Structure formats: C-alpha cells, structure tokens
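Scroll down for the structure; my scribbles are underneath it.
Nothing in this text is a laboratory measurement; each read-out follows from the coordinates by a stated rule. In this text, all values refer to a predicted model and were calculated from it rather than measured experimentally. For neighbour counting, all protein chains shown are included, and Cβ atoms are generated from backbone atoms with ideal geometry for every residue, glycine included.
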Amino acid sequence: MAEIRLEGVAHSYDGGGTWALKPMTWTWRTGRAYALLGPSGCGKTTLLNIVSGLLTPTRGRIWFDDREVTGVPPAGRNIAQVFQFPVLYDQMSVYDNLAFPLRNRGYPRQEVDRRVRRVSGLLGLDEHLRRRSRRLDPGRQQIVALGRGLVRPEVAAVLLDEPLTVVDPAMKWTLRSKLKEIHRDTGHTLVYVTHDQTEALTFADEVVVLNDGEIVQAGEPGELFLSPAHEFVGHFIGSPGMNVLDGAVAGGLVRVGDAAVGRASGDLPPGPVRIGVRPEFVRLTSEEAPPGIAARVTGIDRMGAYDLVHAQVNGHPLVARTDAAAVREPGSVTFLRFAEGRAFLFRDAVRCGVVEPLPGSAP
Ligand SMILES: Nc1ncnc2c1ncn2[C@@H]1O[C@H](COP(=O)(O)OP(=O)(O)OP(=O)(O)O)[C@@H](O)[C@H]1O
Ligand SMILES: [Mg+2]
C-alpha cells in the first residue's frame, strides 16, 4: 500500500492543443476507498492510467510514498488494475486465473490456495473454480477479473475502472458490498471509477468529483450532498440535482428579482451571483413576508413518499421536494424559503458564500 501523490499532473493527447486533464495536485491516501466520479469524457480513465503507468503525463510528477514513479512503467509500480471489460486468460480455469498474479510473484503454493479461496468465496466463484474462464458469461468473467485485481495483498493500490458495467444490475449491489468487505479486510488503497452517483456514494469513504479534466470537489458523500463547493457537484449529485437561480448581491443582501432572500455571508462584493439550493431544502409556505419568494406552481410529480413540486420563480424553473401532505395545485402561487445554511452562492460556478437569514425574519 502506498500514498499516491500527484504534483501538477496534466495530460494532453494532442501535444497541448486540448487538455484531457488540467494541472492537478492531489493525494490518494493510504488504505482509503475512493470513488472517482464524473461524466463520460471527463478524464477518469486518463487519470487512472497515469497512476498505473500505462500513460506518462504530459506534465507533472507522481510519487508513491517517497519514491518518484513518473517515468516508471506499470510493471515497476505494483498496481492492480481492473478494466471495464474482462481481461482474462481464456484457456485457463477460473482458479488459475485468480492464482496467476500470486504465482507470478512466487507466492508459496499454500498461500496461493488460501488467497484464491478467500477471494473466490467472497465473490461467489467457488462453484466455478474448475471451469475455463471462456465458458463463463461476460458478467461472471468480469467478477473473475475483479478477483484477480483483489487477490494480491501487497499492491500499492487497486484501480477499478467502471468494473461492474457488464455485470447484471441485481448483482451489482451484492458485488459492491463484497468489494467493501474485501477492502476492509485488505486495507488496500482503492480507486473505483464510475459515472454513477449512487455507485460512488454507496461505495466510497471519499468521493472525488472530476469534471472537464479537473477535480471540482472531494469529500464524504454527505459533504458533497449538503455542501456542494461547485455548481457541477450540485447538479451531478442528487436526484433531481440542485436548483440554480440568477440573483444579485447588493448592500449585503441576496436578491432574486425584487425579493430579498437573505444576507450574503462574509464580505461578498456586490454583483451578480447564482443561488444554488437543493430541492430537499426548499420549503413552500403561504407566507408572503420576507424572505419568501413568490413562485407559481407548474406541476407536481407524486413520488409516493414525497412530492416533487415544480415551480417558476422569476422566470427560472425550480423543484421543491416536499412531504406529500403539503401539496399545492398547479397554477397556484406559493412562497419559497430556503433551509438555513443550505442555500449557497456561486460565482464562476465556484461556491463563494452562503445565504444567511435576514435579521428578524422567522426561520
Ligand atoms: N487515446 C486517446 N487519444 C486521444 N484522445 C483521448 C484518448 N483517450 C481519451 N481521450 C480524450 O480525453 C478525454 C478524457 O477521456 P477519458 O477516457 O479519460 O474519459 P473518461 O472519464 O474515462 O470517460 P468514460 O466515462 O467515457 O470512460 C476525452 O475527451 C477523450 O476523448
Ligand atoms: Mg473511462
């Protein structure tokens, strides 16, 4: 296991014309389970391949603990990497596929057997150990590939690039919890790439959100939900994602149209601002008094346990998640309030403040 440190790492596939990864300085801490989350094309695989050595970054340096590995090829890095589609020895049995990484490094026979059986037990492969891997369905083959990535105890890190794509959805939940169990057991530094927020949030100690070649925020799942540091995190995490309203800061107040919705935190310079608030933190009231903002209800999605109320506010669409008892009719006018400390101010997509209560206003 190692701490993996990237110093000013950036990558361009076309000699500096476009940057798949923008300069980043970032540390993967020893023994933690990370999810690397972001949309297609944001640079997840590029970042993983730079860590494993399949790719040499255009700029920057990489350290595994005190050892610089920037120019070191994959074989010299001691990384286990699992790809999106199964990479196996077709003709070998499942057992031999799992044993291969251990035999290759001269583990004693008994130790090989013990480790293969442990991983096979956890991943539900026991009854398939003697079968040739090409006889398995693609989902099962991928589980074997996953097992191969997890079988070695001494790796610097395990990198998993969307490893459950070809696996049956029902099986995914089970496998993710097995992965967590194996992680607790081995204490590997683990990076799990996904574009699926649920997968990321349920799996990781820490979620690293990548957008357009940049890490926009990293934190525990709750932190990303409650306290998005970037508009992208607000949109990408949550279902539906964060609402964003155009507003302005003037005289210390945050305004949406004519309505003052709160005070701006700190000494935020006056000017345009974007106000981000998740549907969960928008309250609908019938009180017109500040800081209520008038909104027209445009539709309601009844979700069973709760309703999603769609509204128009000063020309912007907005969604509020409310309990099913507080239903408003489409066409009616309602007043919105934001839960204290849960509406944020953004400039250039980056969080720059919080909406604080107006003096003397009821919460
Ligand atoms: N071998 C390559 N040559 C040129 N451009 C590439 C190459 N590989 C990736 N890219 C480009 O670099 C950017 C990042 O790609 P990357 O594959 O790292 O994204 P990703 O987040 O893994 O996407 P996905 O979720 O689709 O796997 C994209 O714009 C992609 O088109
Ligand atoms: Mg990829």
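Across the stretch 35-50, computed HN-Hα scalar couplings (Karplus, 6.51 cos²θ - 1.76 cosθ + 1.60, θ = phi - 60°) run 10, 9, 10, x, x, 4, x, 7, x, 4, 5, 4, 4, 5, 5, 6 Hz from first to last residue, x flagging Gly and Pro.
Quick one: if you stick a label point 7 Å off each Cα along the C-beta vector at Thr30 and Thr70, how many nm between them? With each label placed 7 Å out from Cα toward Cβ, I get 2.4 nm. Per-residue ellipticity at 222 nm computed for the chain from its helices equals -7000 deg cm²/dmol, with DSSP H segments shorter than 4 residues left out and the rest contributing -39,500 (n - 2.57).
Only the Cβ atoms of Lys and Arg (+1) and of Asp and Glu (-1) were treated as charged; on that basis the dipole of the stretch 241-356 about its Cα centre amounts to roughly 180 debye.
Whole Å is fine, so just give me how far the alpha carbon centre of the stretch 41-58 lies from that of the stretch 110-158. A separation of 26 Å, based on Cα centres. Going by a ≥ b ≥ c, the root eigenvalues of the Cα gyration tensor, does the stretch 154-223 fall in the rounded group (a/c under 1.5), the prolate group (a/b larger than b/c) or the oblate group? Here the stretch 154-223 falls in the oblate category.
For Val273, the residues whose amide H sits under 5 Å from its own are Gly247, Ala248, Val249, ignoring neighbours fewer than 5 places away on the same chain, with H placed 1.01 Å from N. Counting only lysines at least 8 places from Lys180 when in the same chain, those with an alpha carbon closer than 17 Å to its own are Lys172. Backbone amide hydrogens, once placed in the peptide plane, bring Ser265 within less than 5 Å of Val354, Glu356, excluding anything fewer than 5 places away on its chain. In order along the stretch 251-263, phi translates into HN-Hα couplings of x, x, 9, 9, 10, 10, x, 7, 8, 8, 9, x, 9 Hz, rounded to whole numbers, per the Karplus curve 6.51 cos²θ - 1.76 cosθ + 1.60 with θ = phi - 60° and x for Gly and Pro.
Label sites at Thr56 and Gln312, each approximated as a point 7 angstrom past Cα along Cα to Cβ, lie 5.9 nm apart.
For Thr70, nonlocal amide neighbours, meaning residues 5 or more places apart or on other chains whose placed amide H falls under 5 Å from its own, are Ile62. Computed over the Cα atoms of the stretch 247-297, the ratio of the radius of gyration to the Kirkwood radius (Rg/Rh) comes to 0.97.
Modelled spin labels at Asp348 and Arg109, positioned 7 Å past Cα toward Cβ, are 6.5 nm from each other.
Packing-based ranking of 115-122, 313-320 yields 115-122, 313-320, ordered from highest to lowest mean Cβ neighbour count within 10 Å.
Of the residues Val51, Val277, Val249, which exhibits the maximal mean-square fluctuation in a Gaussian network model of the chain defined by a 10 Å Cα contact cut-off? Comparing Val51, Val277, Val249 in the GNM, the peak value goes to Val249. If the segment from Glu127 to Lys180 were pulled out straight at 0.36 nm per residue, it would be longer than the present Cα-Cα gap by 16.9 nm. Computed from backbone phi, the HN-Hα couplings of the stretch 224-239 come to 5, 6, 7, 9, x, 8, 8, 4, 4, 5, x, 6, 6, 10, x, 8 Hz, rounded to whole numbers (Karplus: 6.51 cos²θ - 1.76 cosθ + 1.60, θ = phi - 60°; Gly and Pro given as x).
If the label point is 7 Å along Cα→Cβ of Val87, which residues in the stretch 166-209 have backbone nitrogen under 15 Å from it? Once the point is set 7 Å along Cα→Cβ of Val87, 193 turn out to lie under 15 Å by backbone N, inside the stretch 166-209.
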